[in-house]
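The values are calculated or read from the model by the stated rules, or taken from the named source; none is laboratory data. Bear in mind that the values here come from a model prediction, so they are computed numbers and not experimental data. Backbone-built Cβ (ideal geometry, glycine too); neighbour counts: all protein chains shown.
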Amino acid sequence: MCELMKRAIAILFLVGVLGLLLIQLVPYGRDHTNPKVVAEPPWDSAKTRATAVIACFDCHSNETKWPWYSNIAPMSWLVQRDVDEGRKHMNLSEWTQGQGFAAAAMVEADEMPPFQYLLAHPEARLSDADKAAFIQGLSATFNSGN
């Protein structure tokens, strides 16, 4: 490799490292507070709730577990965005009637949990039997008029 190429690679590496360090100064993605749990849905069973804790609570509740990588940009931005969006669409810790009506359909269509969540949380990947039971439990919980 010629000397000019080595120098260009070294400069690019240093610029990349400097860029990663500088983006750590962006404050978004650092607010890892969990608001108080106000109300949960009337779960049809403890099993449905337990599955929701594994597959849904990190983004759809005030009981988010913030992993180590949620402190390092740009991953912190992605995690914060997912939690903000998840809580906005359905918050299982600030339950009000009418939430969750589409939850079972989204799980059945493999839209929830999303692919990027499953990459980092393989425990949220449900077997076919667990998924079927969870869909049934979500339907019973959210379609019971609550």
Can you confirm whether LYS47 is assigned to a helix (DSSP H, G or I), of a type outside the set (A, V, I, L, M, F, W, C), at pLDDT 95 or above and surrounded by fewer than 16 Cβ atoms within 10 Å (Cβ to Cβ)? yes
Since ASN71 meets every condition but one in (1) over 15 Å from LEU138 (Cβ atoms); (2) out of contact with any Gly (no Cβ under 9 Å at 6 or more places or on another chain); (3) touching a residue at least 40 places away in the same chain (Cβ under 8 Å), which condition does it not meet? (2)
Lone unmet requirement of (1) modelled with pLDDT of 90 or more; (2) surrounded by fewer than 14 Cβ atoms within 10 Å (Cβ to Cβ); (3) farther than 17 Å from ALA140 by Cβ for SER76: (2)
Do you know which of the residues in the range 50-64 that are touching a Phe, Trp or Tyr at 6+ places or on another chain (Cβ under 8 Å) and assigned to a loop (DSSP other than H, G, I, E, B) is surrounded by the most Cβ atoms within 10 Å (Cβ to Cβ)? THR64
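Per-residue answers, yes or no, for (1) in a helix (DSSP H, G or I); (2) surrounded by 14 or more Cβ atoms within 10 Å (Cβ to Cβ); (3) in contact with a helix residue (DSSP H, G or I) (Cβ under 8 Å, 6 or more places away or on another chain):
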site	(1), (2), (3)
ALA10	yes, no, no
VAL17	yes, no, no
LEU20	yes, no, no
PRO35	no, no, no
GLY86	yes, yes, yes
THR96	no, no, no
GLU111	no, no, no
